[in-house]
Amino acid sequence: MTDQSGKKQLLHLVFGGELESLQGVEFKDLKALDIVGIYPDYASALTAWKSKAQATVDNAHMRYFIVHMHRLLDPNSND
């Protein structure tokens, strides 16, 4: 998997939502999850994550996550 620039494509998903409690990662409402997007590399995903995390800093129960999709798609990969 390579993108148009020839770099290896390492897909990352950024999503978040309001958690039931600060001690876990169970969401209050799965229908209200915020799917921010899928990004071609970690740096792009981190930029999106930071933006969303900073925008919701006043809500302690709101959390955003980065999922390394490329690891799920190719578990034998060393990336």
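The values are calculated or read from the model by the stated rules, or taken from the named source; none is laboratory data. These figures come from a predicted structure and were not determined experimentally. FYI the Cβ positions are ideal-geometry reconstructions off the backbone, even for glycines, and counts take in every protein chain you see. For the accessible areas, the whole protein counts, side chains as well, though only heavy atoms, and no ligand, DNA or RNA atoms are used. Shrake-Rupley method; radii C 1.70, N 1.55, O 1.52, S 1.80 Å.
Picking from residues in the stretch 61-79 that are at pLDDT 95 or above and farther than 16 Å from L13 by Cβ, the one that is surrounded by the most Cβ atoms within 10 Å (Cβ to Cβ) is M62. Going by the structure shown, is V57 β-branched (V, I, T), under 20 Å from L73 (Cα atoms) and either out of contact with any Lys or Arg (no Cβ under 8 Å at 6 or more places or on another chain) or modelled with pLDDT of 95 or more (or both)? Answer is no for this residue. For the stretch 6-25, the set of residues classified as out of contact with any His (no Cβ under 9 Å at 6 or more places or on another chain) and over 13 Å from N59 (Cβ atoms) consists of G6, K7, V14, F15, Q23, G24, V25, listed by residue number. Suppose the filter is of a type in the set (G, A, S) and either open to solvent by 50 Å² or more (accessible area, probe 1.4 Å) or in contact with a strand residue (DSSP E or B) (Cβ under 7 Å, 6 or more places away or on another chain) (or both); does G37 pass it? Here the answer is yes, as G37 does meet what is asked. Residues satisfying the criterion are present in the stretch 53-70 (criterion: in a strand (DSSP E or B) and of a type in the set (V, I, T)). Within the stretch 6-21, being open to solvent by 90 Å² or more (accessible area, probe 1.4 Å), modelled with pLDDT under 95 and either among the aromatic types (F, W, Y) or part of a loop (DSSP other than H, G, I, E, B) (or both) holds for one residue alone: K7.
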